[in-house]
1. Scan the range A:504-544 residue by residue and report those that are under 20 Å from B:Asp80 (Cα atoms) and touching a Ser or Thr at 6+ places or on another chain (Cβ under 6 Å).
2. Tally the residues that are farther than 28 Å from B:Val93 by Cβ and either crowded, with 23+ Cβ neighbours inside 10 Å or among the aromatic types (Phe, Trp, Tyr) (or both), restricting the search to the range A:273-306.
3. Scan the range A:92-100 and give yes if some residue there is of a type in the set (Val, Ile, Thr) and free of Cβ contacts under 8 Å to residues at least 60 places away in the same chain, otherwise no.
4. For the range B:203-214, enumerate the residues that are crowded, with 24+ Cβ neighbours inside 10 Å and either within 24 Å of A:Ser458 (Cα to Cα) or more than 7 Å from chain A (Cβ to nearest Cβ) (or both).
5. Return the only residue of B:Asp44, B:Asp77 being surrounded by fewer than 18 Cβ atoms within 10 Å (Cβ to Cβ) and over 30 Å from A:Gly451 (Cα atoms).
6. Within the range A:484-502, can you find the residues that are among the aliphatic types (A, V, I, L, M), farther than 8 Å from A:Ser514 by Cβ and surrounded by 17 or more Cβ atoms within 10 Å (Cβ to Cβ)?
7. What is the residue count in the range A:104-134 for residues that are in contact with a Pro (Cβ under 8 Å, 6 or more places away or on another chain) and among the β-branched types (Val, Ile, Thr)?
8. Within the range A:400-446, how many residues are among the small types (Gly, Ala, Ser) and farther than 21 Å from A:Val260 by Cα?
Amino acid sequence: MTTNISTEHHHEDVMNWRRYFSFSTDHKVIGIQYIVTSFLFFLIGGFFAMLIRGELLTPESDLLDRSVYNAMFTMHGTVMLFMWTFPVLTGLANYLVPLMIGARDMAFPRLNAAAFWMVPVFGIILLSSFFVPGGPAQAGWWSYPPISIQNPAGTFINGQLLWLMAITISGVSSIMGAVNFVTTIVKMRAPGMTYFRMPAYVWAVLSAQIIQLFGLPALTAGAVMLLCDLSFGTTFFDPSQGGNPVLYQHFFWFYSHPAVYVIILPVFGIFSEVFPVYARKPLFGYRVVAISSLLIAGVSALVWVHHMFASGTPGWMRMVFMGTTMLVSVPTGIKVFAWVATIWGGKLRLNTAMLFALGALVMFVFSGITGIMLGSVPVDIHVNNTYFVVGHFHYVLYGAVTMGVYAALYHWFPKMSGRMYNEGLGQLHFLLTFVGANLNFWPMHPLGLQGMLRRVSSYDPEYTFWNVIASIGGFLLGMSTLPFILNIIGSWVTGKQAPDNPWRAIGLEWMVSSPPPVENFDEIPIVISGPYGYGQSEPLTKSQDVSQE
Amino acid sequence: MKIIDIVILIPILIILSVVSLWMGNQSYHWFPPQASAESLLVDDLFSFLVTLGSFIFLGVTGAILYSMIFYRAGKYDMSDGPAIEGNATLEIVWTAIPLFLVVWITSYSYQVYSQMSIHGPMDILHLHTPIEIESANAAPVEEIVQPTEKIEVISKQWAWIFRYPEQNITSSELHLPVNRRVSLKLQSEDVIHGLYIPAFRLKQDIIPNQTMDFEFTPIRVGKYRLRDSQYSGTYFAAMQSYAVVESVEDYNQWLKLAATQTPTAAPNQAVKEYTRHTDRAIETRWPIVAPAKPPLVNFHD
């Protein structure tokens with residue numbers, strides 16, 4: 001065991017709130033900066049979603065101007081992906097990875113801080129587009145040309161230009177982060193922390209960040225080319241000038257499909273950490289779970305055309321990518337079965353973190369099954385671009401990812417804040433979220449099968465019933481954030497002091513004080529066993545002194 | 001595995017299978033009517049996927065629920081669960097079975113897609129061999145009458161025009177003869193659109209500057225929604241029309257009727273909204289792409 005090194009001096013540093021508003025290079029400060037910033041954007045994106053659900057309460061287009069509606073779903077998707085899921089997961093990884101592998105900080109602390117400070121910059125650029133002529137981008141978060149380069153306002157500064165600038169900066173920020181994470185994990189592990197002693201979460205982050213390194217340049221290049229088409233008269237994608245708009249779709253999805261795995265892999269990692277702790281059992285089949293993250297990352301690079309089954313893609317291409325898409329489900333299935341086997345026969349403690357993880361897993365399994373359906377080309381030709389797809393990816397992005405993130409925030413809250421959260425409020429938050437999410441997103445499946453298309457601001461009256469249910473669920477989800485915010489702020493200020501390891505969890509991050517001191521470890525521990533020794537008596541580490549004896 | 005476990009497991013598997021099969025059967029009711037030969041194939045495939053999916057979903061969530069109910073730790077129970085780190089046999093089984101299932105799903109889907117033989121964009125790349133199979137006529141439909149009906153589809157922001165080249169007439173609705181193979185030529189004048197008729201289970205993006213072949217066989221008389229399925233800008237939601245499937249006699253009569261009418265401007269929702277102020281709660285009047293003029297067609301409703 002490392003010792004309690006939370007001396008007065010360290011404690012003062014840690015508790016100084018001004019650090020969170022500065023160009024700090026401490027990975028824990030940066031982690032929390034990411035998480036808080038992205039949560040604010042999450043609330044903004046959620047507000048857009050509620051306006052969308054408000055419009056869809058009735059079949060007619062009667063709440064928002066059609067162009068405002070189009071701006072809303074464009075900005076909702078963009079904000080939720082690029083300013084919520086990506087940065088919040090980057091924030092968690094920033095906080096956890098160095099602690100978990102026994103490092104004092106990330107490999108490049110200043111690069112880390114620079115990458116974070118780009119987030120508010122591109123966030124402000126994106127949101128400022130509400131105030132330029134023509135309003136924000138209205139081409140959907142895919143920004144397919146030619147509609148994305150039509151520029152009806154005719155001005156040089158327009159919503160689409162700001163959108164493309166924001167995406168490009170976001171891409172650069174994430175590439176900087178990816179370089180940092182991969183280097184840190186490969187180079188900065190504590191002595192004895194072999195690859196197969198790394199927590200599965202670290203494996204997942206490593207796999208996700210490798211995808212970022214290889215995939216993001218394609219999207220970023222595509223965005224720059226589109227920007228040139230929009231503003232500087234090039235014709236890469238403009239069909240009226242001989243360009244090819246389908247080429248952009250390839251650029252876009254070559255990254256943006258793997259991006260789904262960049263998002264979901266760390267959540268898989270969260271599951272792999274949370275389940276063993278609250279089931280008091282080792283992660284079932286740890287090595288296979290760890291390797292399957294890399295397998296998913298590998299296969300995910302070869303599936304992007306499944307977003308384009310109904311697009312300008314010939315039959316042979318549809319068939320090839322159907323095969324690769326189906327393959328992804330195999331390593332993913334391995335993980336799901338491993339988690340179920342982990343909790344099977346355990347000693348379960350259903351606190352907020354565990355409830356969120358279990359709820360997220362159930363919703364993920366559902367989205368996995370609808371995902372297989374979508375991977376089948378003939379079915380996809382019917383449901384492509386319908387609410388079936390919208391339901392599917394909201395089960396992934398809200399059900400699995402956002403609820404998985406909540407599980408992580410509750411699980412590591414005592415470590416981050418040094419305080420315990422309020423369990424009652426936490427469980428209320430879970431209940432509202434789980435019910436709200438299912439009410440909101442489940443009805444989208446029958447709507448899609450019936451043929452209701454996504455991105456429509458008005459629809460035929462036959463679709464009204466399920467839309468009303470979905471809207472009620474949406475407003476419930478909006479309300480569900482209130483107990484969370486109350487809990488986090490209240491507990492951070494007045495919560496009970498948290499011990500170093502309130503959950504009796506195994507892991508290096510639980511062996512330092514809560515919150516951990518600057519530079520984490522007084523003395524870097526030597527790791528002598530695997531990360532999930534529940535039910536075994538083997539210690540995780542020995543101290544440097546012992547090794548010298 | 002103890003005998004008692006097997007005795008418990010077998011009825012559970014039987015119940016799961018029965019429920020899953022029932023779900024698969026139910027799934028036919030989740031769709032619009034089956035109005036094309038292709039829709040029969042797609043619905044069978046979907047039903048098969050629902051059956052498999054239900055089995056897996058109920059199995060996995062059942063195991064999770066069971067654990068949540070029966071494996072709760074007592075309030076003061078601080079002990080750990082059994083230190084089981086894995087089980088090679090189990091892990092091989094749950095890798096092999098999904099692998100087998102996805103190969104099965106993929107080959108079944110491949111067969112269905114081949115049978116549908118909807119063509120779509122074939123000539124974008126010249127390096128492939130088209131998937132040659134018995135054409136969609138292999139669909140289990142009686143009385144498919146040759147030859148195919150050729151119709152041109154022109155899409156623009158935000159209107160549909162259906163042109164019947166042999167009779168040289170145009171319409172704002174897609175009229176089709178029942179039980180006859182239809183061959184569409186899809187074109188767009190501005191941005192990417194998509195042709196989608198939910199009752200046919202068919203959809204194809206229309207890429208500007210390309211002509212795409214698209215084939216199918218309507219099998220049920222009726223009037224079905226036809227929509228733009230690829231987001232095309234401000235009035236995307238208003239870009240809709242109907243596919244009207246008629247008996248061959250009615251269809252021929254309609255062609256004759258349309259030929260006698262002089263082209264007039266079809267009513268157009270996008271133009272209507274663009275030129276007239278509406279009273280929505282939030283109204284910004286941001287500049288938007290102006291809709292194309294309402295197309296002049298021989299027939300509109």
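1. Once the filter is applied, which keeps residues that are under 20 Å from B:Asp80 (Cα atoms) and touching a Ser or Thr at 6+ places or on another chain (Cβ under 6 Å), the range A:504-544 yields A:Met511, A:Glu538, A:Leu540.
2. 1
3. no
4. Once the filter is applied, which keeps residues that are crowded, with 24+ Cβ neighbours inside 10 Å and either within 24 Å of A:Ser458 (Cα to Cα) or more than 7 Å from chain A (Cβ to nearest Cβ) (or both), the range B:203-214 yields B:Lys203, B:Gln204, B:Asp205, B:Ile206.
5. B:Asp77
6. Listed by number, the list holds a single entry, A:Ile488.
7. Here the count works out to 1.
8. 5
The values are calculated or read from the model by the stated rules, or taken from the named source; none is laboratory data. Just so it is clear, the structure is predicted and the values come from calculations on it, not from any experiment. All Cβ positions, glycine included, derive from the backbone under ideal geometry; neighbour counts span all protein chains shown.
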